[in-house]
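I have placed the structure first, in the form of structure tokens, so that the comments after it can refer back to it.
The values are calculated or read from the model by the stated rules, or taken from the named source; none is laboratory data. Since this is a predicted model, take the numbers as computed values, not measurements. Positions of Cβ are generated from backbone atoms using ideal geometry, with glycine treated the same way; all protein chains shown enter the neighbour counts.
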Amino acid sequence: MVVEEKSRVEAMEGNQQRMEVNILLMGAHNVGKTALTVRFLTRRFIGEYGDMESVYSRMERIHGQEICINIWDSQVGEKSCWVSEKQLQWADGMILVYDICDRGSFDAVRQQLQLVRRSRKPASCPVVIVANKRDLQHHRRVSGEEGRLLALTQGCCFFEVSAAETYHSVLLVFHRLVDLVRETRALRKSSAGVRGIVRSMSAVFGKKRAE
Ligand SMILES: Nc1nc2c(ncn2[C@@H]2O[C@H](COP(=O)(O)OP(=O)(O)OP(=O)(O)O)[C@@H](O)[C@H]2O)c(=O)[nH]1
């Protein structure tokens, strides 16, 4: 095979390679983190969930590519929303969940966002904010506009969903985040390429100037 053709085929195969995406789910106690995870993994809403912190994995085919999605369903105390540096560094993307009927959980998302941004920049770790329990409109304490505004000012995506009612909206949340992670990686790769070119050019021109 001609060298050019061989490298093109290798590049295509490279694109089809399995990709891994780590997603960290955060949010206050009882907002529905596990319900969202279980909905995504099994399409079901079972109503009662254990208190175990777990990492789940699932293979998905998105835009023709096999992707292994690892989900860390974090566990927080009733009073504190602390997450470890290890969790923050593990994640390629994050989902911050609040309950539309619980203003405290919305404040917790604000706090967690500050924590996240102290160790991860938007360019390295996309964040999706999820307002859950949309089915409980009559108990609503946080308006959709407040959620959307927070997301807008923090450069995050925003979804309002009900883990109890629909599978499709939950699927959209996870797929959108996977897309954002892919975009972030592609951007990092291309800017690393540009940096490489600039480095080699300055090496050549620097050398010429020195001669
Ligand atoms: N009505 C309604 N209830 C929900 C929804 N999502 C979760 N719940 C309920 O909210 C409660 C808490 O859900 P979990 O998924 O355990 O919440 P969590 O954030 O994982 O809780 P911890 O991990 O214990 O902090 C459960 O009783 C769920 O059945 C929803 O969209 N609508």
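Considered as a group, the residues in region 156-211 that are among the small types (Gly, Ala, Ser) and modelled with pLDDT of 95 or more include one that is farthest from the chain's Cα centre (by Cα), and that residue is 164.
Candidates 87, 137, 154, 114: the one that is over 19 Å from residue 20 (Cβ atoms) and surrounded by 15 or more Cβ atoms within 10 Å (Cβ to Cβ) is 154.
Pairs linking a residue in region 150-172 that is in contact (Cβ under 8 Å) with a residue 40 or more places away in the chain to a residue that is aromatic (Phe, Trp, Tyr), with Cβ atoms under 7 Å and 6 or more positions apart or on different chains, are 163/45; 164/45; 170/40; 171/40. Checking region 41-50 against the condition returns a match, with at least one residue being in a helix (DSSP H, G or I), among the hydroxyl-bearing types (Ser, Thr, Tyr) and out of contact with any strand residue (DSSP E or B) (no Cβ under 6 Å at 6 or more places or on another chain).
Is it the case that region 134-147 has a residue that's of a type in the set (Gly, Ala, Ser), in a helix (DSSP H, G or I) and away from the ligand (no atom under 13 Å from the Cβ)? Yes, because at least one residue in region 134-147 is of a type in the set (Gly, Ala, Ser), in a helix (DSSP H, G or I) and away from the ligand (no atom under 13 Å from the Cβ). Within region 23-74, the set of residues being free of Cβ contacts under 8 Å to residues at least 40 places away in the same chain, more than 7 Å from the ligand (Cβ to nearest atom) and of a type in the set (Asp, Glu) comprises just one member, 53.
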